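The next block holds one structure in the form of structure tokens; read it before the comments.
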Amino acid sequence: MDPLLIYKALSNETRRQIMVWLKDPEQYFDKTPYIEHGIDFRIGVCVSDIQAKAELAQSVVSNYLLTMQKAGLLEAERYGKWTFYRRNEKTIQQFAEYIRTEL
């Protein structure tokens, strides 16, 4: 875990909002298409759904997600031609512990 990368990733309001959305995806995203494909939010949320929710260009959202993945905040999983992102709770807990003990 690199705290500096996490601070940088969370310094952008949209990236911070994505973390909130992914904490409880059922509250923010329609699960119907996932059920129709035999998957659920445990795999993550599709990039296209995150992009639509953020109302930003796909290239911007993809860059944001990559930044967050490099910081260790997100995990990505390919399913067919789609990429799904979910929170990396282990890193989030490590970062929370770092904040609690080091700052």
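A few points about this structure:
- A 1.4 Å probe over all protein chains sorts 60, 45 by accessible area into 60, 45, starting with the largest.
- Principal-axis tilt of helix 13-23 within the chain, Cα atoms, nearest 10 degrees: 70
- Using a probe of 1.4 Å on the protein chains alone, the accessible area found for residue 102 is around 120 Å².
- Formal net charge of residues neighbouring residue 29 (Cβ-Cβ distance under 9 Å; K, R +1; D, E -1): -1
- Only helices enter this figure: runs of n ≥ 4 DSSP H residues, each worth -39500 (n - 2.57), summed and divided by the residues of the chain, yield -17500 deg cm²/dmol at 222 nm to the nearest 500.
- Across all C-alpha atoms in the chain, the radius of gyration and Dmax reach 13.8, 46 Å.
- Two-site label geometry, residue 77 and residue 62: point separation in nm, points 7 Å out along Cα→Cβ: 2.2
- Partner lysines whose Cα lies under 16 Å from the Cα of residue 23, excluding those fewer than 8 positions away in the same chain, are identified as 31, 53, 90.
- Of all aspartates and glutamates in the structure, those lying under 20 Å Cα to Cα from residue 70, and not within fewer than 8 positions of it along the same chain, are 2, 13, 89, 97.
- Within the chain: Cβ-based charge dipole about Cα centre, in debye rounded to nearest 20 (Lys, Arg +1; Asp, Glu -1): 220
- Taking all protein chains as they are arranged and a probe of 1.4 Å, the heavy atoms of residue 19 leave approximately 20 Å² accessible to solvent.
The values are calculated or read from the model by the stated rules, or taken from the named source; none is laboratory data. Since we're looking at a predicted model, the values are computed, not measured. Backbone-built Cβ (ideal geometry, glycine too); neighbour counts: all protein chains shown. Remember, those area values only see protein heavy atoms, side chains included, never the ligands or the DNA or RNA. Shrake-Rupley method; radii C 1.70, N 1.55, O 1.52, S 1.80 Å.
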